[in-house]
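For reference, the structure discussed in these notes is given below.
The values are calculated or read from the model by the stated rules, or taken from the named source; none is laboratory data. Remember, predicted model here, so these are calculated numbers, not experimental data. Neighbour counts are summed over all protein chains in view; Cβ atoms, including those assigned to glycine, are modelled from backbone coordinates with ideal geometry.
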Amino acid sequence: MKRWQRKDLLGIQELSVAEINFLLNSAQAFKQVGKRSVKKVPSLRGKTVVNLFIEPSTRTRTSFELAATRLSADVINITANASSLVKGETLKDTALNLQALHADVIIIRHSAAGAPHFLAPLLKASVINAGDGAHEHPTQALLDAFTILEKKGKIAGLNITILGDILFSRVARSNIWLLTKLGANVTLAGPSTLVPRVFEQFGCRVTHNIDDALRDADVVNLLRIQHERQRQTLFPSIGEYTTMFGLNKERFARLKPDAMIMHPGPINRGVEIDSEVADCERSVILEQVTNGLAVRMAVLFLCSGGQAVES
Amino acid sequence: MKRWQRKDLLGIQELSVAEINFLLNSAQAFKQVGKRSVKKVPSLRGKTVVNLFIEPSTRTRTSFELAATRLSADVINITANASSLVKGETLKDTALNLQALHADVIIIRHSAAGAPHFLAPLLKASVINAGDGAHEHPTQALLDAFTILEKKGKIAGLNITILGDILFSRVARSNIWLLTKLGANVTLAGPSTLVPRVFEQFGCRVTHNIDDALRDADVVNLLRIQHERQRQTLFPSIGEYTTMFGLNKERFARLKPDAMIMHPGPINRGVEIDSEVADCERSVILEQVTNGLAVRMAVLFLCSGGQAVES
Amino acid sequence: MKRWQRKDLLGIQELSVAEINFLLNSAQAFKQVGKRSVKKVPSLRGKTVVNLFIEPSTRTRTSFELAATRLSADVINITANASSLVKGETLKDTALNLQALHADVIIIRHSAAGAPHFLAPLLKASVINAGDGAHEHPTQALLDAFTILEKKGKIAGLNITILGDILFSRVARSNIWLLTKLGANVTLAGPSTLVPRVFEQFGCRVTHNIDDALRDADVVNLLRIQHERQRQTLFPSIGEYTTMFGLNKERFARLKPDAMIMHPGPINRGVEIDSEVADCERSVILEQVTNGLAVRMAVLFLCSGGQAVES
């Protein structure tokens, strides 16, 4: 693959292995920018990037805002409560209005699955999915893959366990699609209410036994227990989740000696992960944050037409 | 008129025809900036522009923010809830504090009519009215006029119908003042509770008959039914408004064949306008948004002392 | 003192006299930037400054944002409600995440005293205290001292009265530490519930008699009565406070003829200060705001490693 062809990044599901690798290679070049004294490149100077966050998120918004800023783009932040969406404007009209203001890229987070996919064909502007409902969060999966590659040198053949709230997690879905495409052996683990057997159709192993999930893992990716998304009681209590599925010191000690700990953040210390485990040398949680910037710079650069990087 | 003389743009009412034309001519030059690959000019580099929105508005705030950004100004956004106004500071003190921070331009939206006019003589900084109560919204009227001129080549002699909630609308007042100054024949239409006969004093025709309002119109400017502003029930129901005054396909079909459809947005699809009409070729709703940027760049540039453009 | 050594500005209490003077001297150079037509210097180009305001404040946030912008830094604003703090992330994790995004400076306002001091040793990034509970607000004390020096030519030997809510005020504490270090005679005055005798241990005079407090004052610094911080009724009523301790025209007339009036803002006109007094020639309230920018530019510049200014 010589050139990036897509104007949008909507999800991992529709990407080819070549496209995923092209993005990951491009991100490597952008990672260097963060290490410079002047952390800026002029790639998107005079371009307008809109952060359209219909569902609030400081972390992802900040990461995209900094990625765009370091590419020298002009960034506008729009959040749901402040937006005219409360006046009953349709999402399509909001997006068309932004395009009429010459927005080059619209980064959208939305509580409804499919919102970015609905907008993309209606717009000349690039649409970047920053999380749509429980569907996809493609830049999170890319930064996770980038981090694994950086640390382990490969993805194919690795045993990668994703542990926690799989059912409601767009991070899980995007990771599953990406990691299976790149040849990892993916295990999903957690309570049966949050990790249904139906996920086996994606080519994953599903287990509800924590020891079974951790025994051979090269990478353990812990997902946050998202209280705010769960309207029904899907497990008896937080305390019981921690006892049954939390990554505590005892379980950590039984992992393979080079097993790596990941978490998309924000972490609940003492719930899905013990503080000592989160802060240990084999945890790459903060490196994931740093790599997120590099991946998002690559995505913004390539989708808005940049082509400096070859695979 | 050789030079722009005002430091403030408070309303259309006090502008001369020469001043209106000077602004509209200047906006033409700035419209080109939006079409460039690098959408920036250095005109306001090192100047500080404050968006002081005491009444929330994403659309107008975003348009002004982008206009200032594309002129290379530094922009600060202040919205009501976050502001120290909640601590009981007076509006005058808030503005004087912003000036003490070397603000060059203060763009103000306020729920109280006259707020920008109160501030302007107290400040060396430029004051731009981004909407004050039900009084004026001058940049909206200018962008509407810009769009009509661009499409129709003139304003004088055109039959322009403004349809909807006139009584509570600053957009209507600013449009009425601008269009009558430039020689248009303005008709105001809608339910008698929202379109009182007293508006005839501004030199407009007032009618409560929709067919009468639309028959000879060259331009139809639809105003949003603003639920959020109406404390009393001024018409029986939304459904009845739509039936009686909505621009549906049947009414659209009876318009003059070159009649143009405008709306300041955000539109209520299926209320004051049918979806097909909003999206048809003769609707210029999104071009109004684009032109708003050009007009606001011209206003910011001229009021802060720029003089590159001659009439 | 030849060079600034600290990466953080946490409070006045730990600063030496030489450090305070070094900061105040540096601020003088930056004050000139605000008077230029292009109000920018490239000192922090490509640096990332985060405004982390866990307690809301438009005034201080805006001042820091403009200070960073005029140094050409990239600025990210994070406020409490929008932040992932609501999802239960610890403050330490929030800060480590910002550092992982290559934040060079984290400006923090927090309702908990000591929050910046807790973060500083955990981070390579500079931590600037923008107000922590009722503890310190060092840049406010520095800008107050800068203003006194500018107007009075010295601080040592001046009689400086701080009047109002001392007990709950971080501004009072930082001012007391700074002014006594620099040799002023500091008097604290107000109702006994808000100005306890225990403050005498800081080397101040404490009085509950307004005439006694004002008689020999060269500078009167009025503190806001902060309704929002007081959970108990510490004085009978606002009206009684105004009668007993408000700086009205009669009291102002009995001051020394060159006594100067200061207030950190936002002012409550008619409560702690009469409107005529606030607006009179001897009030420097708005100059304090202007000087705040210069002081904050110096603090950001020096703490992030700049060394252009010698003492």
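Those residues that are in a helix (DSSP H, G or I) and more than 30 Å from C:Ile106 (Cβ to Cβ), I need them from segment C:264-311; list them, please.
C:Ser275, C:Glu276, C:Val277, C:Ala278
May I ask you to verify whether C:Met260 is out of contact with any strand residue (DSSP E or B) (no Cβ under 6 Å at 6 or more places or on another chain), over 25 Å from B:Ala103 (Cα atoms) and of a type in the set (A, V, I, L, M, F, W, C)?
No, not satisfied.
I'd like to check something: does segment A:136-151 contain any residue that is surrounded by fewer than 17 Cβ atoms within 10 Å (Cβ to Cβ), assigned to a loop (DSSP other than H, G, I, E, B) and at pLDDT 95 or above?
No - not one qualifying residue is present in segment A:136-151.
Are there any pairs with C-beta distances below 6 angstrom linking a residue in segment C:263-277 that is within 11 Å of chain B (Cβ to nearest Cβ) and farther than 13 Å from B:Asp93 by Cα to a residue that is assigned to a helix (DSSP H, G or I) and hydroxyl-bearing (Ser, Thr, Tyr), with the two at least 6 apart or on different chains, and if so which?
Correct list of pairs: C:Val271/C:Thr242.
Looking at segment B:125-135, is at least one residue within 14 Å of chain C (Cβ to nearest Cβ), of a type in the set (A, V, I, L, M) and under 25 Å from C:Ala67 (Cβ atoms)?
Checking segment B:125-135: at least one residue is within 14 Å of chain C (Cβ to nearest Cβ), of a type in the set (A, V, I, L, M) and under 25 Å from C:Ala67 (Cβ atoms).
Quick check on my filter: what residues within segment A:32-59 are modelled with pLDDT under 95, under 19 Å from the mean Cα position of the chain (by Cα) and of a type outside the set (Phe, Trp, Tyr)?
A:Ile54, A:Glu55, A:Pro56, A:Ser57, A:Thr58, A:Arg59
Name the single residue, out of those in segment B:72-81 being among the β-branched types (Val, Ile, Thr) and buried (at least 21 other Cβ atoms within 10 Å of the Cβ), that is farthest from the other protein chains (Cβ to nearest Cβ).
B:Val75
Examine segment B:5-23 for a residue that is at pLDDT 95 or above, closer than 22 Å to B:Ala95 by Cα, small (Gly, Ala, Ser) and surrounded by 19 or more Cβ atoms within 10 Å (Cβ to Cβ), and state whether such a residue exists.
The answer is yes, given that some residue of segment B:5-23 is at pLDDT 95 or above, closer than 22 Å to B:Ala95 by Cα, small (Gly, Ala, Ser) and surrounded by 19 or more Cβ atoms within 10 Å (Cβ to Cβ).
Do you know which residues across segment A:43-53 are buried (at least 22 other Cβ atoms within 10 Å of the Cβ) and not aromatic (Phe, Trp, Tyr)?
A:Leu44, A:Lys47, A:Thr48, A:Val49, A:Val50, A:Asn51, A:Leu52
Being without any contact (Cβ under 8 Å) to a residue 60 or more places away in the chain and small (Gly, Ala, Ser) is the filter here; which residues of segment B:40-58 pass it?
The answer is B:Gly46, and nothing else.
If you take the residues in segment A:26-42 that are more than 10 Å from every other protein chain (Cβ to nearest Cβ), surrounded by fewer than 19 Cβ atoms within 10 Å (Cβ to Cβ) and of a type outside the set (A, V, I, L, M, F, W, C), which one is farthest from A:Leu91 (Cα to Cα)?
A:Gln32
Examine segment A:223-242 for a residue that is more than 14 Å from chain C (Cβ to nearest Cβ), within 23 Å of the chain's Cα centre (by Cα) and under 24 Å from A:Leu178 (Cα atoms), and state whether such a residue exists.
Checking segment A:223-242: not a single residue is more than 14 Å from chain C (Cβ to nearest Cβ), within 23 Å of the chain's Cα centre (by Cα) and under 24 Å from A:Leu178 (Cα atoms).
With respect to C:Ile106, is the statement that it is hydrophobic (A, V, I, L, M, F, W, C), at negative phi, within 14 Å of chain B (Cβ to nearest Cβ) and in a strand (DSSP E or B) true?
No: the conditions fail for C:Ile106.
Between A:Thr69, A:Thr58, A:Thr48, which is farther than 13 Å from A:Gly306 by Cβ and more than 9 Å from chain C (Cβ to nearest Cβ)?
None of the others qualify; the one that does is A:Thr48.
May I ask you to list the residues in segment B:62-91 that are part of a helix (DSSP H, G or I), modelled with pLDDT of 95 or more and either in contact with a strand residue (DSSP E or B) (Cβ under 6 Å, 6 or more places away or on another chain) or over 24 Å from B:Leu44 (Cα atoms) (or both)?
Scanning segment B:62-91 gives B:Thr62, B:Phe64, B:Glu65, B:Ala68, B:Thr69.
From B:Val289, B:Val271, grab the single residue that is modelled with pLDDT of 95 or more and touching a Gly at 6+ places or on another chain (Cβ under 9 Å).
Residue meeting the stated conditions: B:Val289.
Answer yes if at least one residue in segment A:5-17 is assigned to a helix (DSSP H, G or I), of a type outside the set (Lys, Arg) and over 23 Å from A:Arg109 (Cβ atoms), and no otherwise.
Scanning segment A:5-17 turns up at least one residue that is assigned to a helix (DSSP H, G or I), of a type outside the set (Lys, Arg) and over 23 Å from A:Arg109 (Cβ atoms).
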